[in-house]
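Step one of this worksheet: look at the structure below.
Values quoted throughout were computed directly from the atomic coordinates according to the rules given, and no laboratory measurement underlies them. Please read all numbers here as calculations on a predicted model, not as lab measurements. Cβ placement follows ideal geometry from the backbone for every residue including glycine, while neighbour counts extend to all protein chains displayed.
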Amino acid sequence: MGNNYNVPKLKFFLIFIVISSIFLDCDNRKEFKFPHVNVYLQLHIYTDLSDLGILNAKVYPNDGLGGVLIFKAEERKYFAFDMACTHEIPDVCAIEEYEKSSIIWECPCCKARYTLHGQGNYVSKGPAEWPLWNYNAYIDGDFLYVTD
C-alpha cells in the first residue's frame, strides 16, 4: 500500500497554520521612532520651578526636539515631555497649551490633543496615535534632572 494520509486532518492542520500565521503576523501597528535628541536640564526646585503648582506645566522651548514641557504631577513628582507632536514626526510641530488648561495641549498643525496626568500623558484626540515623548525626570536633592 502507498502512503495513507488522513486527508481531512491534513487539510484542517494546513488551514489552522495559515490562519494562525495571518493572525500572528497581522499586527499592523507601526513602531514609533522618536528622533534621538540630547537633553540635559538641571533645574532647582525652589528657584527654577518655584512658580510651578501641582498639575501645572512649564515650557523650556530651547531644549529637546520641539521644546521640553515640565509637568508637576504632585509635590516632588515631575514629568518631562518633548513638545514635538508625535503625529508630525519627522517634521517638528510643537504643541501649545489648549485654552489655558495646563493639562491639555494641542498641536497647531494636526489638532491632536494630549492630556497630562499624574502617570504621564495620553492622546485625548487624534490623529496622533502615540503619547508625547517622555524624558527621564528625577529629583536629586533640590534639583530636578531631565535627561534623554
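Hey, can you tell me all the residues within the stretch 33-52 that are hydroxyl-bearing (Ser, Thr, Tyr) and assigned to a loop (DSSP other than H, G, I, E, B)? Within the stretch 33-52, Tyr46, Thr47, Ser50 meet the criteria.
In the stretch 78-96, the qualifying residues are those that are outside any loop (DSSP other than H, G, I, E, B) and either free of Cβ contacts under 8 Å to residues at least 12 places away in the same chain or of a type in the set (A, V, I, L, M) (or both), and the one that is surrounded by the fewest Cβ atoms within 10 Å (Cβ to Cβ) is Ala94. Taken together, Glu129, Glu99 contain a single residue that is at positive phi and assigned to a loop (DSSP other than H, G, I, E, B), which is Glu99. When the stretch 97-120 is filtered for residues that are surrounded by 14 or more Cβ atoms within 10 Å (Cβ to Cβ) and among the acidic types (Asp, Glu), the ones remaining, listed by number, are Glu97, Glu106.
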